[in-house]
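Student: After the structure tokens below, expect a handful of questions from me.
The values are calculated or read from the model by the stated rules, or taken from the named source; none is laboratory data. This is a predicted model, so every value here is computed, not measured. Here the Cβ positions follow ideal geometry from the backbone for every residue, glycine too, while neighbour counts run over all protein chains shown. Note: accessible area is taken over every heavy atom of the protein model, side chains too, but ligands, DNA and RNA are not part of it. Shrake-Rupley method; radii C 1.70, N 1.55, O 1.52, S 1.80 Å.
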Amino acid sequence: MTSPAPHAPATTDDPTERSTVRTALAIVGVVVAVDQITKVLAERHLRPLHTPHEVIDDVLRFTLTYNPGAAFGMHLGSASRWIFMALTVFIVGFLVRLFRSLPSEERTLKLAIASVIGGAIGNFIDRVRNVEGVVDFIDVGLGDVRFWTFNVADMAVSVGAMFLVLLLWRYESRIHAHQDAGEAAEAATAGRAE
């Protein structure tokens, strides 16, 4: 028989949880605000489309593009906009549920989730307001060897997702270690009772 997870989901009565929720909402708000402001500035100052503006030599350029698909140029045809909007709603809902299910001690994990949510909302706003697609403008590479053009929301999603994977792995490892310790204690207790 295994013991339960080391901690129950956090409640809003917990001061640590309230602080985490406030910080997470601030992260979401800042990511969305910075993303949308930089996209407005890109659309205003980086015309014409696909014209590089060097920031740091040829390594970092600002080049205005519109991405009708998703990350890394993933495109699903004419329905891409609607499919990715629906996926975003589903994913954000899943992440909010995950956030709420975690114990308050998992603050860093919750803040990584907030980063992903902020980025997802930033790109969702673009899909709603612009039929051309998501505004991308950060262009990194050397000469003709370039990474996909991206934006602030993409950075928040990518960094948040990397931390999310690492922190979820650590979280699961701690839960399994706790369960293994509980099983060992139960076995030792049962052995003494015999």
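Student: So G118 passes all but one of these: (1) farther than 10 Å from V28 by Cβ; (2) part of a helix (DSSP H, G or I). Which condition number does it fail?
Tutor: In the conditions (1) farther than 10 Å from V28 by Cβ; (2) part of a helix (DSSP H, G or I), G118 misses (1) alone.
Student: Just give me the residues in region 38-55 being more than 23 Å from A156 (Cα to Cα) and basic (K, R), in sequence order.
Tutor: Across region 38-55, the qualifying residue is only R47.
Student: Tell me yes or no: at least one residue of region 90-104 is in contact (Cβ under 8 Å) with a residue 40 or more places away in the chain and open to solvent by 50 Å² or more (accessible area, probe 1.4 Å).
Tutor: yes
Student: Shifting gears a bit: For region 168-184, which positions are surrounded by 15 or more Cβ atoms within 10 Å (Cβ to Cβ) and either polar (S, T, N, Q) or at pLDDT below 70 (or both)?
Tutor: Within region 168-184, H178, Q179, G182 qualify.
Student: Please go through region 30-46 and give me each residue that is open to solvent by less than 40 Å² (accessible area, probe 1.4 Å) and either free of Cβ contacts under 8 Å to residues at least 60 places away in the same chain or in a helix (DSSP H, G or I) (or both), ordered by number.
Tutor: V31, V32, D35, Q36, T38, K39, A42, E43
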